[in-house]
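Everything on this sheet refers to the single structure shown next.
Readers should treat all values here as calculations from the given coordinates under stated rules, not as data from a laboratory. Bear in mind the structure is a predicted one, so any value in this text is a computation, not a measurement. Because the Cβ atoms are built from the backbone with ideal geometry, glycine has one as well, and the counts that use them run over all protein chains shown.
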Amino acid sequence: MEDILSLTKEELCAAVTEMGEKSFRAKQIYEWLHFKKVTDFSQMSNISAQFRDELSKKFCIKSLKIKKRLVSNIDNTVKYLYGLDDGQAVESVLMEYKHGSSLCISSQVGCRMGCKFCASTIAGWVRNLAPSEMLLQIYETERDSGRRVDSIVMMGIGEPLDNFDNVVKFLDILNSDGEAMSLRHLSLSTCGVVDKIYKLAELKLGVTLSISLHAATDEKRSAIMPINNRYNLNQLMTACDDYFKATGRRISFEYSLIEGVNDTDSDADELISLIGRRNCHINLIPINEIKERDFKKSRFVERFQKRLTSAGLNATVRRTLGADINAACGQLRRDSL
């Protein structure tokens, strides 16, 4: 059966009229699915019983199952391991900030980018998530937590731009009419899939682009991020400049500080030189240590930040959330395998 939650409003309208119903039925169904977030066609009370029966024969409403839930005793961060229909699992993390609740979601089962410091890529790539499976991470988290999700970070398991078409459909549905979330409240993190950055820029969706940078020279970046062998730093920074020109949205650069790898004064100076006078934000991240790698958390985060800010760059240190539940992406799924 067809996955109805993955249909855009236009696709749903076409499907409904093909079934012999008026187009306004599509709007009613869409509201039941994405605003009232029902889990069964029988709950759609303003749709006739006969048409609900026809819908249930043609479509399915997917669901996620909570396989594991970890709640931080430090800051109320909640980490979910969601089970999918095929037995696979992905992670989502709900975080509390002064401005509201933010949810970090996954876009793939596993990842093929091979970044050396990331737990998500250790078990390899399995498959892309459907738009419905990305949406359901939001819907199920809101249902379980009782909290409204105010912003989305696509920084969980997977590389969003490696699942480009499904991610764009997810954004389309998320940004639909009614109680929709503005895409200005969504940040998409990429390791630097340059050709897809250009495609995303053309769509002018208003999404904040976060670049997983982590090194400021090609030699160092290629050693920890294989994507740099395909798209070097010059190509990546040019694509970022194009994205800013096309959208007006400031780029965020993520930089995980690894002891003895990318955290020296000279590394900071190379980063200053690379960024130049760009209108951007640098998010410094104390790396999360994982047992399969020898990388250690840097002791020089504050010194690194001060060197950047002294050069006039906007650089902040990411607040560590859920430290007592290993809230960094990939760890819970890895442990369950």
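Rounded to the nearest 0.05, what FRET efficiency do E142 and Q88 have when you use their Cβ-Cβ distance and R0 = 30 Å?
Numbers: r = 22 Å, r/R0 = 0.74.
Efficiency at R0 = 30 Å is approximately 0.85.
Arrange the peptides 18-31, 275-288, 149-162 so that the one whose residues have, on average, the most other Cβ atoms within 10 Å appears first. Working shown, then result.
Details: 18-31: 15.6, 275-288: 17.4, 149-162: 22.9.
Result, highest mean first: 149-162, 275-288, 18-31.
Which of these values of volume of the Cα convex hull per residue in Å³ was calculated from the structure shown: (1) 135; (2) 145; (3) 216?
The listed entry that was calculated here is (1).
Mind checking which lysines have their C-alpha under 29 Å from K116, skipping anything on the same chain fewer than 8 residues away?
Qualifying lysines at Cα under 29 Å: K67, K68, K79, K196, K199, K220, K291, K296, K297, K306.
Rounded to whole Hz and in sequence order, give me ³J(HN,Hα) for the range 120-130 from the Karplus expression 6.51 cos²θ - 1.76 cosθ + 1.60, θ = phi - 60°, writing x for Gly and Pro.
Rounded to whole hertz, the list is 5, 8, 4, 7, x, 8, 10, 6, 7, 7, 6.
For the chain, what does the helix formula give at 222 nm: sum of -39500 (n - 2.57) over DSSP H segments with n ≥ 4, over the residue count, nearest 500 deg cm²/dmol?
Calculated mean residue ellipticity at 222 nm is -10500 deg cm²/dmol.
In degrees between 0 and 90, to the nearest 10, how far off the longest principal axis of the chain does helix 24-34 point, with axes built from Cα atoms?
The angle comes out at about 50 degrees.
Compute the Kirkwood hydrodynamic radius of the range 2-60, taking the inverse of the mean of 1/r over all pairs of distinct Cα atoms, and give it in Å to one decimal. Mind showing how you got there, number by number?
On the way: mean 1/r = 0.0890 Å⁻¹.
One decimal place: 11.2 Å for the Kirkwood radius.
Normalised radius of gyration for the range 131-224, please: alpha carbon Rg relative to 2.2 N^0.38 Å, two decimal places. Don't skip to the answer; put the middle values down first.
Details: Rg = 14.8 Å, N = 94, 2.2 N^0.38 = 12.4 Å.
In units of the globular-protein estimate, the range 131-224 measures up at 1.19.
I need the calculated FRET efficiency for the pair S182 and N73, taking r as the beta carbon distance and R₀ as 41 Å, to the nearest 0.05.
With R0 = 41 Å, the Cβ-Cβ based efficiency is 0.80.
Nearest 5 is fine: what % of DSSP beta bridges in the chain come out antiparallel, could you say?
Approximately 45 percent, going by the DSSP bridge assignments.
Please report the orientation-averaged projected area of the range 78-161, defined via the convex hull of its C-alpha atoms, in nm².
For the range 78-161, averaging the hull's shadow over all directions gives 5.7 nm².
At 0.36 nm per residue, minus the direct Cα-Cα distance, what do S23 and T309 gain on full extension? Give it in nm, one decimal, please.
Gain on extension, S23 to T309, equals 97.4 nm.
What residues qualify as long-range amide H neighbours of I251, i.e. H under 5 Å apart, gap of 5 or more or another chain, H built at 1.01 Å from N?
The answer is H281.
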